[in-house]
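First comes the structure, then the notes that go with it.
The values are calculated or read from the model by the stated rules, or taken from the named source; none is laboratory data. These numbers were taken from a predicted model, which means no experiment stands behind them. Cβ placement follows ideal geometry from the backbone for every residue including glycine, while neighbour counts extend to all protein chains displayed. Accessible surface is based on the protein model in full, side chains and every heavy atom, while ligands, DNA and RNA are left aside. Shrake-Rupley method; radii C 1.70, N 1.55, O 1.52, S 1.80 Å.
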Amino acid sequence: MKKVLFFLLLSCLLASCASNDNYLGYYITYDEVEVRESPSEDAPVVLKLICINRPGSYKQADGDVPCAFVADNAGPSPIGVKKIDASGKWGYIDESIPMILHWKGWIPLDRMISCGTQAADEIVPTYEVREDGLAMYMHPEENKKDQVRAYGIKAGDKVLLRATHGRWSFVSWFFCSDSGDKKEKFGWVPTKSIAQVDAVTRGELEEEVYGKMLDKTQDKRVGINTVTVLRKIFLGGCILGLLFTVLFLVPGIRRKLWFPTLLWMPGCTLLLFMGYYLTGAPALVYALLIVPVAYVVTHPLRYRRSANGYYLPFWIISVGGCVIMLIFLKFLSGGHLILNIFAFAFDVVVIGLLTSWVTARIERNICPHCGFYAGHPKIRVDDGGETISRGYDTWDEYDHSSTRTNWMGQKIITEYYKTHYETVYYINHHYTVVRQCLGCGKEITEPKVKSRRATDDEVARFQNGTN
């Protein structure tokens with residue numbers, strides 16, 4: 001099993017950790033660095049760390065140490081250092097998410113870029129952008145593949161200087177979404193494209209960016225107010241979820257609804273509790289949380305004599321609530337119209353698919369004859385025979401590698417793989433699970449298929465037309 005650790009710090013978690021007294025400073029790196037057990041190059045490597053979202057092409061050999069990708073909703077984020085050794089070259093990190101992960105070790109500060117304390121009262125050298133659409137890069141060189149996604153930079157925007165290298169400057173750029181969510185991008189820009197102005201504090205720059213957002217939307221805080229209303233809805237859904245978990249515990253157990261009673265309802269309650277504390281997130285996150293709201297609100301409808309009446313309210317609350325919310329968060333809160341249209345369509349499709357998936361999970365517990373909602377017991381399995389089908393299998397084979405030297409003098413090795421395709425055959429075993437309704441006693445049939453890869457002899461018999 002590959003030891004891969006994907007560490008994604010949500011923006012709400014980062015907000016609570018920013019300028020934390022437990023951190024002496026924050027550092028960022030776009031190149032993988034080795035985290036060691038102690039502050040020494042000879043110490044064992046316990047982790048590999050990089051401040052980017054996990055790349056889709058990331059590969060890791062079996063037995064390799066875990067890798068942490070430090071990012072928030074806006075992209076790469078600095079990592080907090082809690083201790084610095086006497087040499088000043090090593091910083092100690094110690095991060096954890098309860099019951100999920102915990103990692104710690106020493107990172108080489110000379111291979112990373114300092115981002116200060118991230119405190120609101122920290123005064124940082126400030127520069128003004130000279131051109132619209134200024135490109136930011138992960139390294140001090142022009143490379144489209146290396147470009148940081150930072151759309152919307154305009155002449156007059158202010159950036160905070162963090163480091164310089166030749167004709168390049170590493171800066172952080174603040175921006176504010178139409179929903180009031182403050183975000184920050186980090187990257188290298190040509191020094192000639194920025195001009196120094198009076199230094200400001202991080203907090204002052206955040207307030208200035210926030211004010212520009214309000215001016216842009218003509219002080220219509222529709223998105224912000226919508227988020228506030230949604231948080232109250234999530235809190236109400238959480239309270240209802242807790243109440244329904246208790247009220248329907250015994251009826252759910254009597255009806256043998258183990259997963260809905262002991263997992264789904266408590267899980268929805270927990271999700272909505274977390275959603276209540278969201279202060280800034282993409283609109284899709286808020287839309288996704290409407291689905292557990294719909295699940296909780298319509299939960300009592302499934303315990304009626306016939307549960308079929310829950311479908312329409314569930315879809316209206318889930319998809320209808322999502323559409324209304326997205327209209328307020330996107331179209332009535334400013335932003336680029338075309339981009340909003342595409343984002344709106346994508347979000348609605350995602351919510352529709354999720355709602356369909358949840359509906360299917362609920363529907364399998366509803367008797368098609370009388371509509372009774374229960375975990376109907378299985379009484380037998382009817383064999384339906386076997387068929388053979390054709391499919392395709394893929395695997396990656398190492399092709400070659402390339403080596404480049406980054407701006408810090410480190411050698412970066414990139415491995416390339418070729419994807420191979422193979423035609424394969426599968427034996428499909430058809431069978432029908434027969435359950436007995438706990439309400440009317442009639443049989444409920446559920447056709448299923450279990451597939452396995454065919455052997456060479458089975459493939460040969462199939463191709464020769466023999467059984």
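Yes or no: segment 388-402 includes at least one residue that is in contact (Cβ under 8 Å) with a residue 60 or more places away in the chain, more than 30 Å from residue 252 (Cβ to Cβ) and of a type in the set (Gly, Ala, Ser). Yes, because at least one residue in segment 388-402 is in contact (Cβ under 8 Å) with a residue 60 or more places away in the chain, more than 30 Å from residue 252 (Cβ to Cβ) and of a type in the set (Gly, Ala, Ser).
Residues of segment 102-129 that are closer than 17 Å to residue 79 by Cβ, out of contact with any Pro (no Cβ under 8 Å at 6 or more places or on another chain), part of a strand (DSSP E or B) and open to solvent by 20 Å² or more (accessible area, probe 1.4 Å): 102, 104, 114.
Pull up segment 233-258, narrow it to residues that are under 25 Å from the mean Cα position of the chain (by Cα) and touching a residue at least 12 places away in the same chain (Cβ under 8 Å), then point me to the one that is surrounded by the fewest Cβ atoms within 10 Å (Cβ to Cβ). Among them, the one singled out is 235.
State all residues of segment 215-232 that are modelled with pLDDT of 85 or more and either buried (at least 20 other Cβ atoms within 10 Å of the Cβ) or not hydrophobic (A, V, I, L, M, F, W, C) (or both); if no residue qualifies, say none.
Residues of segment 215-232 that are modelled with pLDDT of 85 or more, as a first pass: 229-232.
230, 231, 232 - these are the residues of segment 215-232 that are modelled with pLDDT of 85 or more and either buried (at least 20 other Cβ atoms within 10 Å of the Cβ) or not hydrophobic (A, V, I, L, M, F, W, C) (or both).
Taking segment 413-467 as the range and being among the hydrophobic types (A, V, I, L, M, F, W, C) and outside any strand (DSSP E or B) as the test, the residues that pass are 437, 438, 440, 454, 459, 460, 462. Taking the conditions exactly as written (open to solvent by 30 Å² or more (accessible area, probe 1.4 Å), free of Cβ contacts under 8 Å to residues at least 40 places away in the same chain and either within 30 Å of residue 283 (Cβ to Cβ) or not in a helix (DSSP H, G or I) (or both)), does residue 328 satisfy them or not? Here the answer is no, as residue 328 does not meet what is asked.
Can you say whether residue 262 is free of Cβ contacts under 8 Å to residues at least 60 places away in the same chain, buried (at least 17 other Cβ atoms within 10 Å of the Cβ), within 30 Å of the chain's Cα centre (by Cα) and assigned to a helix (DSSP H, G or I), as far as the supplied structure shows? It would help to see each step written out before you state the result.
Numbers: free of Cβ contacts under 8 Å to residues at least 60 places away in the same chain: yes; buried (at least 17 other Cβ atoms within 10 Å of the Cβ): no; within 30 Å of the chain's Cα centre (by Cα): yes; assigned to a helix (DSSP H, G or I): yes.
No: the conditions fail for residue 262.
Mind listing whichever residues of segment 172-196 are at pLDDT 85 or above and in contact with an Asp or Glu (Cβ under 7 Å, 6 or more places away or on another chain)? Break it down stepwise before answering.
Taking segment 172-196 first, the residues at pLDDT 85 or above are 172-174, 184-196.
Listed by number, the residues that qualify are 172, 173, 174, 193, 194, 195.
Scanning segment 412-451 for residues that are surrounded by fewer than 11 Cβ atoms within 10 Å (Cβ to Cβ) and within 33 Å of the chain's Cα centre (by Cα) yields 413, 414, 418, 419, 420, 421, 422, 450. Looking at the structure I just gave you, is residue 126 modelled with pLDDT of 85 or more and farther than 18 Å from residue 27 by Cβ? Yes: the conditions hold for residue 126. Regarding segment 146-162, can at least one residue be identified that is closer than 22 Å to residue 26 by Cα, assigned to a loop (DSSP other than H, G, I, E, B), modelled with pLDDT of 90 or more and out of contact with any Leu (no Cβ under 8 Å at 6 or more places or on another chain)? No, because not a single residue in segment 146-162 is closer than 22 Å to residue 26 by Cα, assigned to a loop (DSSP other than H, G, I, E, B), modelled with pLDDT of 90 or more and out of contact with any Leu (no Cβ under 8 Å at 6 or more places or on another chain).
Which one of 321, 384 is assigned to a helix (DSSP H, G or I), more than 21 Å from the chain's Cα centre (by Cα) and not acidic (Asp, Glu)? Write out each step before concluding.
Values: 384 fails: assigned to a helix (DSSP H, G or I).
Unique residue meeting the criteria: 321.
Of the residues that sit in segment 130-139 and are open to solvent by less than 20 Å² (accessible area, probe 1.4 Å) and part of a loop (DSSP other than H, G, I, E, B), which one is farthest from residue 206 (Cα to Cα)? Looking at residues that are open to solvent by less than 20 Å² (accessible area, probe 1.4 Å) and part of a loop (DSSP other than H, G, I, E, B), I get 139. Evaluated against (1) within 30 Å of residue 331 (Cα to Cα); (2) open to solvent by less than 40 Å² (accessible area, probe 1.4 Å), residue 357 falls short on exactly one condition, (2). Can you name the number of the only condition in (1) in contact with a Ser or Thr (Cβ under 8 Å, 6 or more places away or on another chain); (2) β-branched (Val, Ile, Thr); (3) farther than 30 Å from residue 433 by Cβ that residue 291 fails? Only one criterion in (1) in contact with a Ser or Thr (Cβ under 8 Å, 6 or more places away or on another chain); (2) β-branched (Val, Ile, Thr); (3) farther than 30 Å from residue 433 by Cβ is unmet by residue 291, namely (3).
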